[in-house]
Amino acid sequence: QAQLVESGGGEVQTGGSLTLSCTASQHTFSRDAMAWFRQAPGKEREFVAAISWNGGSRDYTDGVRARWTISRDNDKKIVYHQMSNLKPEDTAVYYCAGGKIYGTDLVEEYDFWGQGTQVTVSS
């Protein structure tokens, strides 16, 4: 069973930066599309960013495109999520996900999920 472990969350002030990491164990990692989702209290889990198996294609939800960057290192089996200019509305638990379909924003299309890491942005 694949395992995804997120790290790098924490609390920052408005305008600050964080880099999240997702370490994967599945042997298919280098062929999997990977993504980040987030879930704020009382809200549904929502798509944030996705990256194709070789990093050649990336997709972002509106509102983060100019502020954040998703990347991956297939040799290390790690996906990164560099977040800058953080805002209080970015406060959420951030989840790493993996699957066969690149760019989908549907939770049900992803096969592997991490446990999440909390990001809190204070004003």
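The values are calculated or read from the model by the stated rules, or taken from the named source; none is laboratory data. Quick caveat, the model's predicted, so the values are computed rather than measured. Every residue, glycine as well, gets a Cβ built from its backbone with ideal geometry; the counts of neighbours run over all protein chains shown. In case anyone asks, the SASA skips ligands and DNA or RNA and just uses the protein heavy atoms, side chains included. Shrake-Rupley method; radii C 1.70, N 1.55, O 1.52, S 1.80 Å.
Which ones in segment 18-58 are open to solvent by 30 Å² or more (accessible area, probe 1.4 Å), among the small types (Gly, Ala, Ser) and more than 16 Å from Glu89 (Cβ to Cβ)?
Ser25, Ser30, Gly56, Ser57
In segment 114-123, which residue that is surrounded by fewer than 19 Cβ atoms within 10 Å (Cβ to Cβ) and assigned to a strand (DSSP E or B) is nearest to the chain's Cα centre (by Cα)?
The residue in question is Gln118.
Mind listing just one residue for me: the one in segment 66-93 that is outside any loop (DSSP other than H, G, I, E, B) and of a type in the set (Val, Ile, Thr) and, of those, nearest to Thr23 (Cα to Cα)?
Here the residue is Ile78.
Taking segment 1-17, which residues are assigned to a loop (DSSP other than H, G, I, E, B) and either under 20 Å from Val119 (Cβ atoms) or open to solvent by 30 Å² or more (accessible area, probe 1.4 Å) (or both)?
If the condition is that a residue be assigned to a loop (DSSP other than H, G, I, E, B) and either under 20 Å from Val119 (Cβ atoms) or open to solvent by 30 Å² or more (accessible area, probe 1.4 Å) (or both), then Gln1, Gln3, Gly8, Gly9, Thr14, Gly15, Gly16, Ser17 are the ones that fit.
Scan segment 81-105 residue by residue and report those that are open to solvent by 60 Å² or more (accessible area, probe 1.4 Å) and either out of contact with any helix residue (DSSP H, G or I) (no Cβ under 6 Å at 6 or more places or on another chain) or modelled with pLDDT of 95 or more (or both).
Within segment 81-105, Gln82, Asn85, Lys87, Glu89, Lys100, Tyr102, Asp105 qualify.
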